[in-house]
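Q: Can you read through this structure? Questions will come right after.
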Amino acid sequence: MKTSELKAILDQHRLWVESDHNQGKRANLRGADLQGTNLQDAYLREADLYGADLRNANLQDAYLWGANLRGATFDINFKQVGWFGSATFSEDQIPWVCLHRWFSKCADTLKWVKAEPKTMKNGGKLTTLKIYEEELTIISGAE
């Protein structure tokens, strides 16, 4: 995604939030490839980041209150996020979220959903969990 395109989306999103959803447009970053993107201080309150790839993105002080992060991919960079209360996460993101310094303050506001496994060609289900630098792959129902 081009920097100018992302900036326009973020500007419209801020207007949407600040106008109580009357102006602008909610950020739809579903499945967006945001690897390595600078999202420092990004105002992503209630943004839709479902399935977005946030690996190696600069999330320093990003504001993710109420954001949909279900299925999003991030790594240790999540520790940089400013605030993420009331956000929605997939169960496979638990290790990263629990490492955050504010986890204990917002844990009871978070929404957790079941991780969606990917379907393999042979009909089996593939779920990959990345914890620290180790990956655990779970294959179920394969023929």
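The values are calculated or read from the model by the stated rules, or taken from the named source; none is laboratory data. Values in this document were obtained by computation on a predicted structure and should not be read as measured data. No Cβ is skipped: glycine too gets one built from the backbone with ideal geometry, and neighbour counts run over all protein chains shown. Heads up: the accessible areas ignore ligands, DNA and RNA and are worked out on the full protein's heavy atoms, side chains in. Shrake-Rupley method; radii C 1.70, N 1.55, O 1.52, S 1.80 Å.
Q: Check residue 38: other-chain or 5+ apart residues with amide H under 5 Å from its amide H, H built from backbone geometry?
A: It is 58, by chain and number.
Q: From the C-alpha coordinates alone, can you work out the Kirkwood hydrodynamic radius of segment 1-61, in Å? List each step's numbers first, then the result.
A: On the way: mean 1/r = 0.0859 Å⁻¹.
Computed over segment 1-61, the radius equals 11.6 Å.
Q: Here is a follow-up. Take peptides 31-40, 14-23 and line them up by average Cβ neighbours within 10 Å, highest first, as a rough protection proxy. Kindly include the intermediate steps, with their values, before the conclusion.
A: Numbers: 31-40: 16.2, 14-23: 13.0.
Highest to lowest by the protection proxy: 31-40, 14-23.
Q: What figure in square angstrom, to the nearest 10, would you give for the accessible area of residue 112 with a 1.4 Å probe?
A: Number for this one is 90 Å².
Q: About its Cα centre, how strong a charge dipole does segment 1-47 have in debye, to the nearest 20, once Lys and Arg get +1 and Asp and Glu get -1 at the Cβ?
A: Working: 7 positive and 7 negative charges, 25 e Å.
That gives segment 1-47 a dipole magnitude of about 120 debye.
Q: To continue, here is another question. Give a residue-ordered list of calculated ³J(HN,Hα) values for segment 91-106 (Karplus: 6.51 cos²θ - 1.76 cosθ + 1.60, θ = phi - 60°; whole Hz; x for Gly, Pro).
A: Result, rounded to whole Hz: 4, 6, 8, 3, x, 6, 5, 5, 6, 5, 4, 9, 3, 5, 7, 10.
Q: 5 Å is the cut-off here: which amide hydrogens, built 1.01 Å from N in the peptide plane, fall below it relative to residue 110, excluding neighbours closer than 5 in sequence?
A: 86
Q: Return the sequence-ordered ³J(HN,Hα) values of segment 29-43 in whole Hz as given by the Karplus equation 6.51 cos²θ - 1.76 cosθ + 1.60 applied to θ = phi - 60°, using x for Gly and Pro.
A: Along segment 29-43, the couplings run 10, 4, x, 5, 8, 10, 4, x, 6, 8, 10, 4, 6, 5, 9 Hz.
Q: When the Karplus curve 6.51 cos²θ - 1.76 cosθ + 1.60 is applied with θ = phi - 60°, which whole-Hz ³J(HN,Hα) does each residue of segment 6-22 get, with x for Gly and Pro?
A: 5, 4, 5, 4, 5, 5, 5, 5, 4, 4, 4, 5, 5, 9, 6, 6, 9
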